Structures are given as structure tokens and as C-alpha cells.
Amino acid sequence: MDLRTRVLFFLIEQIIAITVFAVCAAVCAGVFAEAYYKANDARDLSYALAAAKSGAEAYKSFGNPEEAAAVMGGRVYGPGASAVYYDKDWRVCDGYSNASYVMRLTSIAAEGSPFMCELSVERISGEELFVIAVSASISI
């Protein structure tokens with residue numbers, strides 16, 4: 001084998017090695033990107049659950065969504081409908097313009113329990129993260 005043939009084989013071998021490395025790197029980048037998005041979804045679900053628990057406890061304490069939302073820094077949108085807005089870091093914010101997430105508290109009529117509320121936590125785009133029905137037993 002002369003020098004020219006050996007150099008040609010060496011160059012072909014290097015091109016194949018670089019191609020294999022590039023394919024492996026692309027696969028790894030895809031796996032890491034998917035893991036990043038799954039971690040963010042898990043974080044959002046965890047914070048949504050914590051917000052829902054807080055909202056449920058506030059509703060159980062007061063018996064109506066208006067007072068529960070007011071205690072949590074939210075807004076009242078009419079009889080039986082309130083919302084608490086959260087920014088991208090899950091801190092309570094002023095309203096819709098700065099919000100990334102919203103917790104809605106809505107009174108629902110349920111037989112046998114006059115104090116029922118549906119509590120939903122969702123992204124501002126409308127994608128639901130967590131929904132729960134809460135009943136309050138208030139002594140009058």
C-alpha cells in the first residue's frame with residue numbers, strides 16, 4: 001500500500017468516526033432536552049398540588065371562594081368565582097398580564113352539602129394541571 005492510499009483510508013476512517021460521534025451527540029441532546037421538559041412538568045405539578053392544598057384549606061376555613069381567594073392574594077370575579085394568579089416562579093402576582101398559572105375557585109352545587117367548591121390549577125394557556133372538589137363543613 002502506498003502512502004496516498006493509506007492517507008485516503010485514514011481520512012475515510014476519520015470521517016466515519018466524526019459522523020458516528022455527531023449522531024450519538026444528537027441523540028444525547030434529544031434525551032437531555034426531553035428530561036428538561038419532564039422535570040419542568042414535574043415541578044409545575046408539584047407547585048400546582050401545593051397551591052391546590054393551600055386553596056382547599058383556605059376554602060375549608062371560610063366556606064366560600066371569595067374569602068379563600070382574598071386570603072391567598074387573589075381576585076373575586078363574581079359570586080362564587082375567584083382566582084389567584086401566579087407568575088412563572090409560582091409567586092402570587094397582581095393579575096392576568098403577569099401570570100403564568102392560575103388557580104380558580106368556583107362554587108358548585110352538590111346535594112347534601114351547600115358548601116362545595118371546584119378548585120382547578122392550570123397554566124394561563126388553559127392546560128389543566130390539577131383539579132379537586134372541596135367541601136367545607138361550616139358551623140353556623
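Overview of values
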read-out: Subset of the stretch 109-132 [at pLDDT 80 or above and surrounded by fewer than 14 Cβ atoms within 10 Å (Cβ to Cβ)]; value: Ser125, Gly126, Glu127, Glu128, Val131
read-out: Residues located in the stretch 54-80, provided they are under 13 Å from Val102 (Cα atoms) and among the charged types (D, E, K, R); value: Arg75
read-out: In the stretch 5-47, the residues that are more than 24 Å from Val102 (Cβ to Cβ) and of a type in the set (Lys, Arg); value: Arg6
read-out: Whichever residue in the stretch 74-106 is under 20 Å from Ala136 (Cβ atoms) and either in contact with a Phe, Trp or Tyr (Cβ under 7 Å, 6 or more places away or on another chain) or modelled with pLDDT of 85 or more (or both) and, among such residues, is surrounded by the most Cβ atoms within 10 Å (Cβ to Cβ); value: Leu105
read-out: Gly63 free of Cβ contacts under 8 Å to residues at least 24 places away in the same chain and farther than 20 Å from Glu128 by Cα; value: no
read-out: Residue check, Lys60 surrounded by 13 or more Cβ atoms within 10 Å (Cβ to Cβ), charged (D, E, K, R) and in a helix (DSSP H, G or I); value: yes
read-out: Options Gly73, Gly55, Gly30; residue that is in a helix (DSSP H, G or I), small (Gly, Ala, Ser) and either touching a residue at least 40 places away in the same chain (Cβ under 8 Å) or on the phi > 0 side of the Ramachandran plot (or both); value: Gly55
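The values are calculated or read from the model by the stated rules, or taken from the named source; none is laboratory data. Remember, predicted model here, so these are calculated numbers, not experimental data. When we count neighbours, we look across all protein chains shown, and the Cβ atoms used for this are built from the backbone with ideal geometry, even at glycine.
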